[in-house]
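Here the structure is laid out as structure tokens; the discussion comes afterwards.
The values are calculated or read from the model by the stated rules, or taken from the named source; none is laboratory data. Everything quoted here is computed from the prediction, not taken from an experiment. Glycine gets a Cβ as well: all are built from the backbone with ideal geometry, and neighbour counts include every protein chain shown. In case anyone asks, the SASA skips ligands and DNA or RNA and just uses the protein heavy atoms, side chains included. Shrake-Rupley method; radii C 1.70, N 1.55, O 1.52, S 1.80 Å.
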Amino acid sequence: MGTEIMAEIYYPRFKTREVRVGDVTLGGDNPVVVQSMVTEETKNVAGVVSQVINLYRAGAGIVRVTVPTLNDLNYLREIKEQLKSFQLPVGLSADVHHQGSRIATEAAKYADKVRINPGLFVDHGVFEGFKEDYTEDDVDQRVEAIDKALKPVIISCKENGTAIRIGVNHGSLSNRMKVLYGDTPDGMVESAMEYIKICKRYRFDDLIISLKASNVPIMVEANRLLIKRMKHKRMHYPIHLGVTEAGDGQYARIKSASGIATLLMEGIGDTIRVSLSEDPVKEIPVCFSILQATRRLITETEYIACPSCGRTKFNLPSVLTEVKQYTSHLKNLTIAVMGCIVNGPGEMADSDYGYVGEGGGKITLYRKKEIVKRGIPQESGLDELINLLKQDGVWREP
């Protein structure tokens, strides 16, 4: 509880309106939702359902399924029906790109959320011939074409209680946006705002907005600009964060964390996805680690430990491993394991409990900044820590 309160004090979250995606609610005071996307072809209904179940069990609240053609709508319906039979409280999102209007209008009948990409939603033929010497009439005609294509989707979403994600990708900005604003974060924001305005025209506010890029600085700046524009327009739509096409391995995880964590620390973000070129289940632990590190969602025990040096009074790596082994099942706790009393007490000031070496084979236990007991034989340190947790009523059996 203490860490959650601290997060709100130091890193106030941009307050967004609540939007339901099936049984999941984004925005408001709700926790940041983790989501992912299946890699199975949509026509492989059993494979998709299996992946959705695995992702849900791993911690995903929303799972996206691609719907590239009209034929895939039948498979989407089957997927939804099977998921209902399992009674999984997971939001199902339909990813729509080309032929956007027709597919999205029908997908809204089965999915809990429809994702449309402004750069691909309207047939590219509509935007051919848009050049640097454009006129206001040229702009109006293109906006009219978007309005015409988006209106039936909005009506269908209203009728079926389906949310819309306006998902702008830096790599697929329309040629018109590049002419008007350049291949820039401004162009990404304007692309989203254009669709938001049309939705508002038809009094539809169940929107989630995402601005993604494979370039981290562009992704971060685009979302910052989006928040400024929304504040100016008094809009408060939930924000979906992600670094698209991050790749695989350690670098992909660091790259994703660099963009997502930066914005979470600034109070931006209601749902996140880490895009890895790996089994999508592997995305979920990375998401939770990012949320834990930014104190947006404490899902496991947090450990603070010094890197060890010549002042360390015990084998810190082995002690840390042992402490984690016996306490990692606890929730909403921060436990520090520090090698000495020189920097230990100060560095662990935010911790709930501290285990600090004091020399001569002894350790000291702390509760917050308060010393609870000194001179504990090192071999009894873990037992004494567990006794303290029991005494404070925060211990539970694994």
When only residues in segment 283-304 that are among the aliphatic types (A, V, I, L, M) and modelled with pLDDT of 85 or more count, which is farthest from the chain's Cα centre (by Cα)? Ile304
Count of segment 34-62 residues which are crowded, with 24+ Cβ neighbours inside 10 Å and within 19 Å of the chain's Cα centre (by Cα): 7
Of the residues Lys362, Lys368, which is open to solvent by 60 Å² or more (accessible area, probe 1.4 Å), closer than 28 Å to Ser289 by Cα and not acidic (Asp, Glu)? Lys368
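So that you can scan it fast, the table gives a plain yes or no per residue for (1) surrounded by fewer than 19 Cβ atoms within 10 Å (Cβ to Cβ); (2) within 14 Å of Ile218 (Cα to Cα); (3) among the aromatic types (Phe, Trp, Tyr):
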position	(1), (2), (3)
Asn160	yes, no, no
Arg165	no, no, no
Asn175	yes, no, no
Val179	yes, no, no
Gly182	yes, yes, no
Met188	no, yes, no
Is segment 268-282 home to any residue that is in contact with a Pro (Cβ under 9 Å, 6 or more places away or on another chain) and modelled with pLDDT under 95? no
Out of the residues in segment 106-124 that are open to solvent by 30 Å² or more (accessible area, probe 1.4 Å), of a type outside the set (Asp, Glu) and in contact with a helix residue (DSSP H, G or I) (Cβ under 7 Å, 6 or more places away or on another chain), which is modelled with the lowest pLDDT? Leu120
Has segment 246-269 got any residue that is under 26 Å from Ile146 (Cβ atoms) and of a type outside the set (Val, Ile, Thr)? no
Out of (1) touching a Gly at 6+ places or on another chain (Cβ under 8 Å); (2) at pLDDT 90 or above, what's the single condition that is false for Ile155? (1)
Taking segment 73-105 and keeping residues of a type in the set (D, E, K, R) and open to solvent by less than 20 Å² (accessible area, probe 1.4 Å) leaves Asp95
Given the condition open to solvent by less than 10 Å² (accessible area, probe 1.4 Å) and over 13 Å from Val34 (Cβ atoms), answer yes or no: does some residue in segment 253-266 qualify? yes
Is it fair to say Ile268 is in contact (Cβ under 8 Å) with a residue 60 or more places away in the chain, under 19 Å from Val189 (Cβ atoms) and in contact with a Phe, Trp or Tyr (Cβ under 7 Å, 6 or more places away or on another chain)? yes
If the requirement is being touching an Asp or Glu at 6+ places or on another chain (Cβ under 6 Å) and farther than 17 Å from Ser93 by Cβ, which of these qualifies: Ile227, Ile239, Ile198? Ile198
Which listed residue, of Val323, Val319, is assigned to a helix (DSSP H, G or I), β-branched (Val, Ile, Thr), farther than 30 Å from Val48 by Cα and at pLDDT 90 or above: Val323
Output the number of residues of segment 221-245 satisfying the condition of being open to solvent by less than 10 Å² (accessible area, probe 1.4 Å) and more than 29 Å from Lys158 (Cα to Cα). 1
